[in-house]
Amino acid sequence: MSLLTIGINHKTAPVEIRERIVFASEHLPDTLAALMALPGVEEASVLSTCNRTEVTCWHSGDNAEQTLIDWIAQRHDFHPDHLAEYLFVHRNEDAVRHMLRVACGLDSLVLGEPQILGQLKTAWQAAKTHKGLGRHLDRLYQHSFTTAKQIRTETAIGSSAVSVAFAAVGLAKKIYGDLKKRTALLIGAGETIELAARHLDSQGIGKLIVANRTVERAASLASEFGGEAIALPDLTERLADADVVISSTASPLPILGKGAVERALKKRKRRPIFMVDIAVPRDIEPEVGELADIYLYTVDDLHDVIEENMKSRRQAAEKAEELVDAQVDAFMGWLKSQDAVETIRRFRSDAKATGEAVASQARRLLQQGRDAEEVIDFLTHTLTNKLLHAPTAALNQAAREGRADLLEAALELFRLKQDER
């Protein structure tokens, strides 16, 4: 049995590949069921965000890696060899380190960003709900949550307000300068859009419009910042009002096309629009970026902006990596101890059965009227002999065979000290 993590992220694959390798949340029950049905897969979980999609399994068998790659490729209509170019593969200790680093934000596009921990907890809960977790993966997830909490407490990894949303707003400010006379249109109402709204509000944005499939959710978010809520079907009519557009929905298809943006530009008399498409799959057709007066950025384009905000976190990250290494060792120690669980269980079960049998004999002797002191001596002598018979016989056999390694191991196992002469 071993641990295996296979996936893609912003380091291994561009956005056009990442947007194809996504496990939609509404299909997660079927996805986990299919994953658990694969040969040798004993436990499984799926983490799928805008910047990463990865599958973690506790499995048996010699061909698990190829089995998983073939399965992921088949689910997303890829040839396995083509997909393999973009995949990372982590096994055992490396898989443990990977999950801990992900939980702490050390593997994120924005170093130390906290949102990934919530996404990891969602993946854990989904796997738990749909019976993908056993004691190994459950323990690994719990260990990653504890490690992330320790690192947030003991380092400054999360001290700076840096995130994809923060980077998007920062870039808008660089392009426009003062945002007080600008209108921002936010598409979606999830966590990233909420963060963008907070950052825009802190920068004094003039007007905020929130468009969402569920208008009630858009209204709830917009009301926090004195903004306006609209339904997605009204999006193209209001696009001309926007100087800044930030989009992050879970739509499987683009919701803003080139034609709609061209019409908005005509209404604006060619005044430019700054657009950031944070969604994966993308919300805005890539061809929109070809239009004059449109400045379109994806999450990949934000890298340089984010880099400027990272300097204060790098030193903290070095300390965090040391803590991660220590916690990897701690988890691997627990994992190795699991190899002894069945042996310990059988050892204790045999000892218990022996004790109960000898105790039953002792009770019969007492019922026959035998002296209590005599029965205690019988119990002590008989139980000692029965418990020591098998290991003593094995040690004698080891000595006859010249197995000094077993004799040495027995001294350590039973914590025996040789007489000093």
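Going by the conditions given, is HIS389 under 55 Å from the mean Cα position of the chain (by Cα), modelled with pLDDT of 85 or more and either of a type in the set (A, V, I, L, M) or in a helix (DSSP H, G or I) (or both)? Can you show your working first?
Details: under 55 Å from the mean Cα position of the chain (by Cα): yes; modelled with pLDDT of 85 or more: yes; either of a type in the set (A, V, I, L, M) or in a helix (DSSP H, G or I) (or both): yes.
So HIS389 fits the description; yes.
Note on the range 289-367: enclosed helices (runs of 4 or more DSSP H) holding 3 or more residues that are under 33 Å from the mean Cα position of the chain (by Cα) and closer than 30 Å to ARG271 by Cβ are 303-308. Of the residues making up the range 253-274, those that are part of a strand (DSSP E or B) and farther than 16 Å from LEU232 by Cβ are ILE273, PHE274.
Filtering the range 233-275 to residues that are aliphatic (A, V, I, L, M) and either in contact (Cβ under 8 Å) with a residue 40 or more places away in the chain or outside the structural domain of ALA168 (by TED's automatic domain parsing) (or both) leaves LEU235, LEU239, ALA242, VAL244, VAL245, ILE246, ALA250, ILE255, LEU256.
Residues in the range 5-27 that are assigned to a helix (DSSP H, G or I) and within 12 Å of ARG75 (Cβ to Cβ): HIS27 alone. In the range 398-421, the residue that is surrounded by the fewest Cβ atoms within 10 Å (Cβ to Cβ) out of those that are part of a helix (DSSP H, G or I) and over 50 Å from the mean Cα position of the chain (by Cα) is ARG400.
Taking the range 40-79 as the region of interest, how many residues are modelled with pLDDT of 95 or more, acidic (Asp, Glu) and under 14 Å from PHE23 (Cα atoms)? Going through the range 40-79 one residue at a time, the tally reaches 1. For the range 47-146, the helices (runs of 4 or more DSSP H) that sit wholly inside it and include 2 or more residues that are over 28 Å from ILE278 (Cβ atoms) and in contact with a strand residue (DSSP E or B) (Cβ under 9 Å, 6 or more places away or on another chain) are 64-75, 92-103. The listed residues are ALA168, ALA219, and the only one of them that is in contact (Cβ under 8 Å) with a residue 12 or more places away in the chain, in the same structural domain as SER251 (by TED's automatic domain parsing) and either closer than 15 Å to LEU235 by Cβ or not in a loop (DSSP other than H, G, I, E, B) (or both) turns out to be ALA168.
Being without any contact (Cβ under 8 Å) to a residue 60 or more places away in the chain and out of contact with any His (no Cβ under 6 Å at 6 or more places or on another chain) is true of ALA351.
The values are calculated or read from the model by the stated rules, or taken from the named source; none is laboratory data. Predicted model, so just to flag it, every value in this text is computed and none were measured. Ideal geometry is used to build each Cβ from the backbone, glycine not excepted, and the neighbour counts take in all protein chains shown.
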